[in-house]
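Down below is the structure, laid out as structure tokens.
The values are calculated or read from the model by the stated rules, or taken from the named source; none is laboratory data. What you see is a predicted model; the values in this text were computed from it and never measured. A quick note on method: Cβ atoms are made from the backbone with ideal geometry, for glycine too, and the neighbour counts reach across all protein chains shown. These accessible areas exclude ligands, DNA and RNA; they are computed on the full protein's heavy atoms, side chains included. Shrake-Rupley method; radii C 1.70, N 1.55, O 1.52, S 1.80 Å.
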Amino acid sequence: GNSVTQMEGPVTLSEEAFLTINCTYTATGYPSLFWYVQYPGEGLQLLLKATKADDKGSNKGFEATYRKETTSFHLEKGSVQVSDSAVYFCALLGWNDMRFGAGTRLTVKP
Amino acid sequence: KAGVTQTPRYLIKTRGQQVTLSCSPISGHRSVSWYQQTPGQGLQFLFEYFSETQRNKGNFPGRFSGRQFSNSRSEMNVSTLELGDSALYLCASSNSGGSYEQYFGPGTRLTVT
């Protein structure tokens, strides 16, 4: 079945550092890929998405590229802020089947 | 457009009781999915309803059940509560049956004592 594997956290960075959170997937067919973010005490918010190979999703300075050859969808940001501290989830949407990674907690220190 | 709403936001129950959680999807969305989130198990899929019919079901015991009404609002019920049922229960809606991205509500924090 479909599955998502993302790097374990927690990840701690200083403000303005470069962020990469790795995500790889296993799926049949052509899934859509997502990154969701969860701030303390809240539900998940859609951060960005990509629906086909080589698509790049971007939002709020975050980017991720759908790489079919490496089955990856790594999340990157060039310069993180304290307000980016949250838990990030990589997710895959196959046909009628949504799968989430375990989540990666990011803490950004001033 | 209003987002997904869940009520109540917080709930404290004792073992053996039952609980009902409610979810109102984004207007026009017909699919509602439920997830359980715990520190140990992460996000786990409970079930999905589309047009009042359960379409998919995760690997949870029969104590967990749900339903969807004609206006797409959904309820989730847990009977004979156990301590391990303490979790954040998240509801997500999408505008088609599993084919589009999901939008999440803020969740209901259930504590079982």
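Taking the numbered list (1) modelled with pLDDT of 95 or more; (2) away from every other protein chain (no Cβ under 13 Å); (3) buried (at least 17 other Cβ atoms within 10 Å of the Cβ) in turn, B:HIS29 passes all entries but (1). Among the residues of region A:59-110, those identified as of a type in the set (S, T, N, Q), within 20 Å of B:THR38 (Cα to Cα) and open to solvent by 10 Å² or more (accessible area, probe 1.4 Å) are A:SER85, A:THR107.
With the structure loaded, tell me whether B:GLU48 is over 28 Å from A:GLY101 (Cβ atoms) and acidic (Asp, Glu) or whether it fails that test. No.
Aromatic (Phe, Trp, Tyr) and under 20 Å from A:VAL87 (Cβ atoms): is that true of A:TYR25 in this structure? Criteria met by A:TYR25. If you go through region A:1-52 and keep only what is among the charged types (D, E, K, R) and crowded, with 17+ Cβ neighbours inside 10 Å, you end up with just A:LYS49. The combined condition, being under 17 Å from A:GLY43 (Cβ atoms), aliphatic (A, V, I, L, M), under 14 Å from the mean Cα position of the chain (by Cα) and buried (at least 21 other Cβ atoms within 10 Å of the Cβ), is not fulfilled by B:LEU110.
Could you list all residues from region A:1-51 that are among the charged types (D, E, K, R), closer than 23 Å to B:SER94 by Cα and out of contact with any strand residue (DSSP E or B) (no Cβ under 8 Å at 6 or more places or on another chain)? Listed by number, the list holds a single entry, A:GLU42. Condition first: open to solvent by less than 10 Å² (accessible area, probe 1.4 Å), out of contact with any His (no Cβ under 9 Å at 6 or more places or on another chain) and away from chain A (no Cβ under 14 Å). Can you find one or more residues in region B:98-107 that meet it? Among the residues of region B:98-107, not one is open to solvent by less than 10 Å² (accessible area, probe 1.4 Å), out of contact with any His (no Cβ under 9 Å at 6 or more places or on another chain) and away from chain A (no Cβ under 14 Å), which makes the answer no.
Just give me the residues in region A:45-63 being within 14 Å of chain B (Cβ to nearest Cβ) and of a type in the set (A, V, I, L, M), in sequence order. Correct list: A:LEU46, A:LEU47, A:LEU48, A:ALA50. Restricted to region B:46-68, and to residues there that are open to solvent by less than 40 Å² (accessible area, probe 1.4 Å) and small (Gly, Ala, Ser), the residue that is farthest from the other protein chains (Cβ to nearest Cβ) is B:GLY66.
Every listed requirement among (1) part of a loop (DSSP other than H, G, I, E, B); (2) in contact (Cβ under 8 Å) with a residue 40 or more places away in the chain; (3) hydroxyl-bearing (Ser, Thr, Tyr) is met by A:THR20 save one, (1).
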